[in-house]
Each structure stands twice: as structure tokens, then as C-alpha cells.
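Beneath this line is the structure, given in C-alpha cells, with notes to follow.
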Amino acid sequence: MTDKREEMTDLGNESVPIEEKAGRVQAVFTSVASKYDIMNDVMSVGIHRLWKDAMMDWLAPRAGQRLLDVAGGTGDIAFRFLKRAGHAKATVLDLTEPMLIEGRKRAEAEKLHDSLSWVVGNAEALPFPDASFDVYTISFGIRNVARKEKALSEACRVLRPGGRLMVLEFSQIPVPPMQKAYDLYSFQVIPRLGQLIAGDRASYQYLVESIRKFPDQETFLGMIRAAGFGNAKYRNLTLGVACLHSGWKL
């Protein structure tokens, strides 16, 4: 008899079959979609806006570029990119349609809908031809992907030669006492805020746990290089609470 063991992955502190993770993550973000942007402001005391601005500063969007923003949710990164670039096109891909619906509402309000496309899809199997985009971004999303190596490989595939990858994600503070204080805030405060504001403690408990499961800065840098990106670097933000990783398809 053949022992067919299911491949497992983390879902926060829980271990689940790898094929189940996408559906479970989708359920989390469906639950929080309508309050997602508000919770980002509350949880980070607005600092996530500075991190995203730092992302745009390093990315330096240019007119005519084609952006793919994966796990783009409500379009926060895509809006920033389009405003910086002037005249450009952006495609926002997300696993969770309710997040995209919230983004479309914002696009209409900000009169950017003509420059934006919204696609339901999975980072591990992008529904686009090779060399379709100039820039690939993923912001606070890759830690939710079951096969991160596959997602990075797909990013390399859909970028044109000379294209840019940029990842903004929570990371690790290299000073243990400060990391401990940050952990205390994360586990004691954020789930309670989730319950108070979004009416969903469990989803924000998962989000906090998923941050702790994500690889540290150097490990993730190695994953980017292994996926085929050159000139890969990273910059810590707010002492390493978040981190920007950059790479080029050479």
C-alpha cells in the first residue's frame, strides 16, 4: 500500500493541507473586506501609508509602465503607482472578489477606473502571458501564499526582461527586546481591535500569526534570487517591522 501523505503548510499557527490554504485565506479576507482599509490605519497607527510611500519612492513609477499588483485587494498600491506614474496601466489581482469590489468603488470615486483592471486570480498561477508587465508588486500578501517559491517564479515569468519585482511585507525586528514588545502588541491588541472594528477576532488572530511564520529578511532575499531575480536587495522599514524587497528580471 502506498502511503500518500498530504503536503502541509502553515495557516497561522495551524497546519493545514497545502491545497486548502488558498480557500481558507480567501475566507479570511472575504470576512474583513469592508473594514480592511480602516483596520490597516488603526493597526499601524497610519504608518502603513508611510511604508507604501517608501515603496513608491524606491520603485519610482514611470509613465507608460504596466503594473501587476498581486494580492492587491482594494487597490491601495495600484492607486499610488498610477498617481506617481502619471499615465500608466495597472492590473490588480486578488484571490478575494469582495476585496476587488471595494477597490472598484474607490477607483470610481477617484476617477481612476479607466487605468485599472481587476482580476480574480491566484499568485501561484497567474492568468497572464509571459513578459506581460513592467512592474510586479505584492504588498502584505505573499505571506498568505502557500507556495511562495511558485509565486515568485510566476512573478518572474510575467515580467518582461528588465522588469522590476517589489515586495512589501511584515518582517522581523533584529533587536530581541523590541521584537518582544512588538509581539506583545500584536497578539494582545490587534485581535481585539479586529473584534471591535471588524467584528472578527479570528481573522486578525490569523493575520498576526501569519506574520510570525514568514521568513526573515535574508531568507526571503535568498528565495527571490532563487526565483531568477538579479540585483536583489532589501530595506528595513520601522526597524524591521516591515521590509521592502526588490529584484530585477535581468
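Assorted remarks:
- Sequence-distant contacts, meaning Cα pairs under 8 Å at least 6 residues apart, place the relative contact order of segment 66-199 at 23 percent.
- Separation of the residue 150 and residue 239 label points, Cα + 7 Å toward Cβ, nm: 3.8 nm
- In segment 8-248, Cα pairs under 8 Å separated by at least six residues give a relative contact order of 20 percent.
- Pair residue 192, residue 128: separation of 7 Å Cα→Cβ label points (nm): 4.2 nm
- Three-way shape call for segment 90-236 based on the alpha-carbon gyration tensor, with the a/c threshold at 1.5: oblate
- Rounded, prolate or oblate (a/c below 1.5 giving rounded, otherwise prolate when a/b exceeds b/c) for the chain by Cα gyration tensor: rounded
- Inter-label distance for residue 53 and residue 185, nm, one decimal - labels placed 7 Å from Cα along Cα-to-Cβ: 1.8 nm
- Whole-Hz couplings from phi, Karplus 6.51/-1.76/1.60, listed for segment 243-249; x for Gly and Pro: 8, 9, 10, 10, x, 10, 7
- Alpha carbon centroid spacing (whole Å) that separates segment 9-55 from segment 122-181: 14 Å
- Evaluated over segment 1-98, the count of Lys pairs having alpha-carbon atoms less than 27 Å apart is 8 (only pairs 8 or more residues apart or interchain).
Where a number appears in this text, it was derived from the coordinates with a stated rule and is not lab data. Everything numeric here is computed off the predicted structure, so don't read it as measured data. Quick reminder, even Gly has a Cβ in these numbers, built from the backbone with ideal geometry, and neighbours come from all protein chains shown.
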